[in-house]
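Report on one structure; see the data block that follows.
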Amino acid sequence: MNLTERDLKVIWHPYTQMKTALPPIPIVRGEGACVYDENGKKYIDAVSSWWTNIHGHAHPYIAKKVAEQLLELEHVIFAGFTHPGAVELAERLLQILPDNQQKAFYSDNGSTAVEVALKMCLQYWHNKGENRTKILAFKNAYHGDTFGAMAVSGRSAFTAAFDSLLFDVEFIDLPSDQNIQNLKSQISDLKSQLACFIFEPLVQGSAGMIMYKPEHLDELMAYCRKEDVLLIDDEVFTGFGRTGKPFACNHVTTQPDIMCFSKGLTGGTMALGLTTCTQDIFDAFLSDDKLKTLFHGHSFTANPVACAAALASMDIFLQSSTTENIKRIEGRHKEFGLKIKDHPKLKSVRQTGTIIAMEWQTGDNTSYFSSLRDRLYTYFLDAGIILRPLGNIIYILPPYCITNEELNYIYSKIEQALEEI
Ligand SMILES: *Cc1c(COP(=O)(O)O)cnc(C)c1O
């Protein structure tokens, strides 16, 4: 049996209808922006392996740091103990975040980083003896797949089986010039009950790379701040350069109370989640009353190997060559966007930083399950490009080390697809 056959005997894949899905492609090696299958076929990873890989695959520097850490300390309980990697990562990350971010809480992935953020906010008010239990979120949001993270995400086909068990959340539209006043009055009606507002800054990734203006986000954030509604900036996807600045919140002036990180945090090397918060939130849990403790943790909280990967990734992220690469990708995307934006088969082309998304015309049927999605997916796979469409929307968000030749190849295949599909 080959690897794919063995896989199909024992494995249940994520987000995969196992009855009808194509067999998984066995990847055995990665280098730069590319991964290679068993037979040596090369794929350009145009989606950074589910948006995680920012510096390229099997990066030698990250690999070296991880290997060194493994021989030093692989793991230690993080309640009652600490270790150099966790401290250094928190120190260095807080230094490049908005200056109100003062404390870091570790977990394992993006969903748990969000769970921690929600618990911090709800218990913040609980500890203060104030009855603020409602959460504000955007329609079509995506914050993860655990129950709390699902509850603050838009109700969709993904959540349908669980909808009756998800707690109620106040969902508002994404802001625009037309509705911003209206959104503020919706917030105003709820303000004294709202514990927090959680949002994906600038780009709703899973919803289909839906983008909105930083000015509008800033206005909503400032309004919530005025009403004492805590602000959770979910940077799990947008963090570490995706939007052209180090963090999406660098595009606005209002500082969030809480920030969530994962995906790019370790350069896509290891699972790690991180939630940072202000001194004010941290202080609301300080008490002689043990019941005011944040009772949350995971077995692998602050795993030293994952912290080593994150520190190595941060070293690379802070190099000027990485900033130049981000600018280069942003510029190349812009040029390509201008070139194709009026194509009759495209409904829209949009870009934020290193993310460019193209929405295919479909007539009425724009569902995630449309057959167009599968045709696009296999078309690009055949061409040696991993582009995983969200319904009729294809997007490129490559590792920052992608070369101009690789980008050109992806662009040319998209133009070809526009003619052929
Ligand atoms: C992917 C994602 C999450 C969930 O992260 P996981 O590591 O997949 O659990 C949360 N928020 C946003 C904005 C995401 O894109």
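The values are calculated or read from the model by the stated rules, or taken from the named source; none is laboratory data. Every value quoted in this text rests on a predicted model; they were computed, and no experiment measured them. Positions of Cβ are generated from backbone atoms using ideal geometry, with glycine treated the same way; all protein chains shown enter the neighbour counts.
For the stretch 241-279, the candidate set comprises residues that are within 13 Å of the ligand (Cβ to nearest atom) and among the hydroxyl-bearing types (Ser, Thr, Tyr); within that set, the residue that is surrounded by the most Cβ atoms within 10 Å (Cβ to Cβ) is Thr266.
Scan the stretch 280-298 residue by residue and report those that are surrounded by 11 or more Cβ atoms within 10 Å (Cβ to Cβ) and outside any loop (DSSP other than H, G, I, E, B).
If we filter the stretch 280-298 for residues that are surrounded by 11 or more Cβ atoms within 10 Å (Cβ to Cβ), which is where we start, we get 280-285, 287, 292-294, 296-298.
Within the stretch 280-298, Asp280, Ile281, Phe282, Asp283, Lys292 qualify.
Scanning the stretch 387-410 for residues that are crowded, with 19+ Cβ neighbours inside 10 Å and either assigned to a helix (DSSP H, G or I) or among the hydrophobic types (A, V, I, L, M, F, W, C) (or both) yields Leu387, Ile393, Ile394, Ile396, Leu397, Cys401, Ile402, Glu406, Leu407, Ile410. Taken together, Ile77, Ile96 contain a single residue that is without any contact (Cβ under 8 Å) to a residue 12 or more places away in the chain, in the same structural domain as Phe282 (by TED's automatic domain parsing) and away from the ligand (no atom under 16 Å from the Cβ), which is Ile77.
Where helices (runs of 4 or more DSSP H) fall wholly inside the stretch 1-108, the ranges with 2 or more residues that are among the aliphatic types (A, V, I, L, M) and surrounded by 12 or more Cβ atoms within 10 Å (Cβ to Cβ) are 3-10, 60-72, 84-96.
When both residues are 6+ apart or on different chains and their Cβ atoms are under 7 Å apart, which pairs have a first residue that lies in the stretch 260-277 and is modelled with pLDDT of 95 or more, and a second that is within 9 Å of the ligand (Cβ to nearest atom) and charged (D, E, K, R)? That search, which allows pairs on different chains as well, returns Cys260/Asp234; Cys260/Glu235; Phe261/Glu235; Ala271/Asp108; Leu272/Asp108; Gly273/Asp108. All conditions but one from (1) assigned by TED's automatic domain parsing to the domain that holds Ala271; (2) among the charged types (D, E, K, R); (3) touching a Cys at 6+ places or on another chain (Cβ under 7 Å) apply to Glu72; the one that does not is (3).
Selection within the stretch 271-318: residues that are hydroxyl-bearing (Ser, Thr, Tyr) and under 22 Å from Leu70 (Cα atoms). The member of this set that is farthest from the chain's Cα centre (by Cα) is Ser299.
Does Glu170 satisfy being modelled with pLDDT of 95 or more and either over 21 Å from Met120 (Cβ atoms) or within 14 Å of the ligand (Cβ to nearest atom) (or both)?
On the way: modelled with pLDDT of 95 or more: yes; either over 21 Å from Met120 (Cβ atoms) or within 14 Å of the ligand (Cβ to nearest atom) (or both): no.
For Glu170, the condition - modelled with pLDDT of 95 or more and either over 21 Å from Met120 (Cβ atoms) or within 14 Å of the ligand (Cβ to nearest atom) (or both) - is not met.
Given the options Val114, Val87, name the one that is under 22 Å from Val252 (Cβ atoms) and either within 15 Å of the ligand (Cβ to nearest atom) or in the same structural domain as Ser188 (by TED's automatic domain parsing) (or both). Can you show your working first?
Working: Val87 fails: under 22 Å from Val252 (Cβ atoms).
Going through Val114, Val87 in turn, just one is under 22 Å from Val252 (Cβ atoms) and either within 15 Å of the ligand (Cβ to nearest atom) or in the same structural domain as Ser188 (by TED's automatic domain parsing) (or both): Val114.
So which residues in the stretch 227-240 are part of a loop (DSSP other than H, G, I, E, B) and within 15 Å of the ligand (Cβ to nearest atom), if there are any at all?
Glu235, Val236, Phe237, Thr238, Gly239, Phe240
For the criterion of being more than 26 Å from Val349 (Cα to Cα), free of Cβ contacts under 8 Å to residues at least 24 places away in the same chain and within 16 Å of the ligand (Cβ to nearest atom), Met120 fails. Take the conditions (1) modelled with pLDDT under 95; (2) of a type in the set (Gly, Ala, Ser); (3) within 16 Å of the ligand (Cβ to nearest atom); Gly144 misses just one of them, which is (1).
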